[in-house]
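Take a look at the structure below.
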Amino acid sequence: MPELDTAEPAGAVPEIAKIPGTEECSVTLDGVRWRYLHAGSGPPLLLIHGFMAYSFSWRFNMGVLSRHFSVYAIDLPGCGFSQPTDEAQCSLASDAEAVLRFMDHFGMEQADVLGTSRGGGVAIVLAALAAQRSMRQRIRRLVLVCPINPWSSYGKLLTRLLSTALGGLFVTHVLPKQHWIMLRYFRKLYGDPTRIAPGSIEGYTAGLDVPGSFEHILRIVRSWHCDLALIEESLPAISELPTLLLWGSRDTAVYPSSAYELQRRLKNSALVMLDGVGHVPYEEVPDEFNRVICDFLLRDTPRMPLEAAAEAPSSSVSVRLTD
């Protein structure tokens, strides 16, 4: 297992942002201080959070995954309690380069990567980057949870509006003060809002209360459309990589219909659609999520057996795989 830097991250991390049973760690890469959580031993597994999120997203998953893997849940630069970069924009390409640098620092010759939402986009670009540099073996397999992609139309107009000068003022000066907007946004991520666990909204709010968070969000938004194009350009390079696509049928942030176009382009992929679940299945139905992830990652081939679906009647499973 790579040697860890277990020093506390710069700045105080509130207790609600921590995950029991994990090590609170930090490392400085290229002058930027990263905060990450670590648990377990075995093959490395990287967890990449989504838009407006951080490692707090994985609070219901790290315990189970760490029984089989050395799990690293990172706060991407500028997110959660990691230091922001000096770059004018924050793109999938820059984040993928940063994650590859993280892997290099810890000597990870090979790792499984699980990314959700925008983090799924980072994972796609990361895998393509490794393949294009003749390092295809660096990414063993991918798990993409409701990843952003060009075939989901949600948010395309909104991100264009927020990228304008007026929209930028809204993101950096109005949005941080309007907690009701954030609450409404968070509730819509669930297929069933009654499944929101106590402390969830407070945990995400803690990550957004860090100075500079909304300026970083604006940099992400301004790169959004170029990032979607980069995802499409990256897919041919990873078309044979063992990949699990995992979606909630009630996802209103990245439309479930877009999953099928991704599956068509990823020739060695399995698609699992969770019935009645929204954009954050790792929080909404964590037991089922953990079962599906472990079933995929612990096999020699990315086979999602139909008998596993029978054990979880709330799931519908679409599978297409090559051996």
- Query: From C90, C79, which residue is surrounded by 24 or more Cβ atoms within 10 Å (Cβ to Cβ), more than 25 Å from E15 (Cα to Cα) and touching a helix residue (DSSP H, G or I) at 6+ places or on another chain (Cβ under 8 Å)?
  - Reply: C90
- With respect to T85, determine if the residue is polar (S, T, N, Q) and under 20 Å from V13 (Cα atoms). yes
- Within segment 199-206, identify whether any single residue is closer than 16 Å to A53 by Cβ, among the β-branched types (V, I, T) and in a helix (DSSP H, G or I), and answer yes or no. yes
- Message: Can you name every one of the helices (runs of 4 or more DSSP H) wholly within segment 79-190 that holds 3 or more residues which are farther than 30 Å from L29 by Cβ and either hydroxyl-bearing (S, T, Y) or at pLDDT 95 or above (or both)?
- Response: none
- Query: Inside segment 46-78, can you point out the residues that are under 19 Å from V285 (Cβ atoms), in a helix (DSSP H, G or I) and either without any contact (Cβ under 8 Å) to a residue 60 or more places away in the chain or touching a Lys or Arg at 6+ places or on another chain (Cβ under 7 Å) (or both)?
  - Reply: M62, G63
- Task: Go through segment 18-76 and give me each residue that's buried (at least 23 other Cβ atoms within 10 Å of the Cβ), within 14 Å of the chain's Cα centre (by Cα) and farther than 22 Å from R291 by Cβ.
- Result: Y36, A53, Y54, I74, D75, L76
- Task: Just name the residue that is nearest to the chain's Cα centre (by Cα) out of those in segment 280-300 that are outside any helix (DSSP H, G or I) and crowded, with 23+ Cβ neighbours inside 10 Å.
- Result: V280
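Every residue, every condition in (1) surrounded by 18 or more Cβ atoms within 10 Å (Cβ to Cβ); (2) without any contact (Cβ under 8 Å) to a residue 40 or more places away in the chain; (3) in contact with a helix residue (DSSP H, G or I) (Cβ under 8 Å, 6 or more places away or on another chain), yes or no:
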site: V143; (1), (2), (3): yes, no, yes
site: Y154; (1), (2), (3): no, no, no
site: R160; (1), (2), (3): no, no, yes
site: G168; (1), (2), (3): no, no, yes
site: H173; (1), (2), (3): no, yes, no
site: P176; (1), (2), (3): no, yes, yes
site: L183; (1), (2), (3): no, yes, yes
site: D192; (1), (2), (3): no, no, yes
- Picking from G40, G31, the residue that is at pLDDT below 95 and either under 20 Å from R219 (Cβ atoms) or not acidic (D, E) (or both) would be G31
- Query: Taking G120 and the conditions (1) surrounded by 23 or more Cβ atoms within 10 Å (Cβ to Cβ); (2) under 17 Å from S269 (Cβ atoms); (3) in contact with a helix residue (DSSP H, G or I) (Cβ under 8 Å, 6 or more places away or on another chain); (4) not hydrophobic (A, V, I, L, M, F, W, C), which numbered condition does it fall short on, given that it satisfies the others?
  - Reply: (3)
- Which one of the conditions (1) touching a Lys or Arg at 6+ places or on another chain (Cβ under 7 Å); (2) without any contact (Cβ under 8 Å) to a residue 60 or more places away in the chain does M135 fail to meet, given that it meets all the rest? (1)
- Message: Cβ-Cβ under 7 Å, sequence separation 6+ or interchain: first residue in segment 290-305 and more than 16 Å from L45 (Cα to Cα), partner among the charged types (D, E, K, R) and modelled with pLDDT of 90 or more. Which pairs?
- Response: M304/D295
- Task: Examine segment 230-249 for a residue that is under 26 Å from P14 (Cβ atoms) and not β-branched (V, I, T), and state whether such a residue exists.
- Result: no
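The values are calculated or read from the model by the stated rules, or taken from the named source; none is laboratory data. This is a predicted model, so every value here is computed, not measured. Backbone-built Cβ (ideal geometry, glycine too); neighbour counts: all protein chains shown.
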